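Data first, discussion second: the structure below is written as structure tokens.
The values are calculated or read from the model by the stated rules, or taken from the named source; none is laboratory data. This structure is a prediction, so every number in the text was calculated from the model and none was measured. Here the Cβ positions follow ideal geometry from the backbone for every residue, glycine too, while neighbour counts run over all protein chains shown.
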Amino acid sequence: MNTPQPSLTKTKLRKSLLNTRKSLSASEWRQKSDRLCNHLQNSPAFTQAKTILAYFSFRQEPDLSPLFLTPHKWGFPRCVGSYLCWHIWQPGDALHTGTYGILEPQPDAPKIDCSEVDLILVPAVGCDVHGYRLGYGGGYYDRMLSLPEWESKITIATIFEFALLAQLPVDSWDKPLHGVCTESGLEMIQQKS
């Protein structure tokens, strides 16, 4: 676990972590992603879930695609205005490139009802040991997770070990996640409320 300099702002920390992630070789990225997926796949949170929200890897985020072949109902986000809209997706379904260059389900793909969701795999630039997440700065997940209908869902950040920090700068709107999964293992930090 890395200890950031106390004076580092979220912006500087984000840039540093993204540069480190970008510097991974293709084989390191694949190996770390596969180990991370293995930890997730063997966790009770994953095996007991029926409907899981995930994301398509972007800018060398951990690649979760090996998990998408498991017998779960999968939901993926589309950015609509300043919010995420979740759609059902399964391998073979068409995708398109969204606003930020991220693959998204087609706009007419069936939507997921949040009451069905058991687990949310949350992309992050970094996380700390308390479950606080550093995102890309758009606030999409912060807005979503602060809504009452999402507050009780199990949330697990997926990051590489170098991005797990002792402490992040925390703002009033930041919500801690329930767990953090890296290639070294899955650490559940808090129980579902």
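For segment 48-68, a residue qualifies if it is in contact with a Lys or Arg (Cβ under 8 Å, 6 or more places away or on another chain), farther than 15 Å from CYS37 by Cα and polar (S, T, N, Q), and exactly one does: THR51.
Of the listed requirements (1) under 19 Å from CYS181 (Cα atoms); (2) in contact with a Leu (Cβ under 9 Å, 6 or more places away or on another chain); (3) assigned to a helix (DSSP H, G or I); (4) at pLDDT below 95, LEU13 misses just one: (1).
Which of the residues that make up segment 88-101 are surrounded by fewer than 20 Cβ atoms within 10 Å (Cβ to Cβ) and of a type outside the set (D, E, K, R)? Residues satisfying the conditions are ILE88, GLN90, PRO91, GLY92, ALA94, LEU95, HIS96, THR97, GLY98, THR99, TYR100, GLY101.
Just one of the listed residues (SER65, SER33, SER27) is in contact (Cβ under 8 Å) with a residue 60 or more places away in the chain and of a type in the set (Gly, Ala, Ser), and it is SER33.
Residue-by-condition table, conditions (1) of a type in the set (S, T, N, Q); (2) farther than 26 Å from CYS79 by Cα; (3) part of a loop (DSSP other than H, G, I, E, B):
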| site | (1), (2), (3) |
| --- | --- |
| GLY131 | no, no, yes |
| ILE156 | no, no, no |
| GLN167 | yes, yes, yes |
| ASP174 | no, no, yes |
| LEU177 | no, no, yes |
| VAL180 | no, no, no |
| LEU186 | no, yes, no |
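Selection of segment 36-56 for residues being in contact (Cβ under 8 Å) with a residue 12 or more places away in the chain and assigned to a helix (DSSP H, G or I) yields LEU36, CYS37, HIS39, LEU40, GLN41, ALA45, PHE46. For residues in segment 61-83 being modelled with pLDDT under 90 and in contact with a helix residue (DSSP H, G or I) (Cβ under 9 Å, 6 or more places away or on another chain), which is surrounded by the most Cβ atoms within 10 Å (Cβ to Cβ)? Applying the filter and picking the extreme gives CYS79.
For GLY138, are the conditions met, namely being closer than 29 Å to ASP34 by Cβ, surrounded by fewer than 17 Cβ atoms within 10 Å (Cβ to Cβ) and under 16 Å from the mean Cα position of the chain (by Cα)? So GLY138 passes the test.
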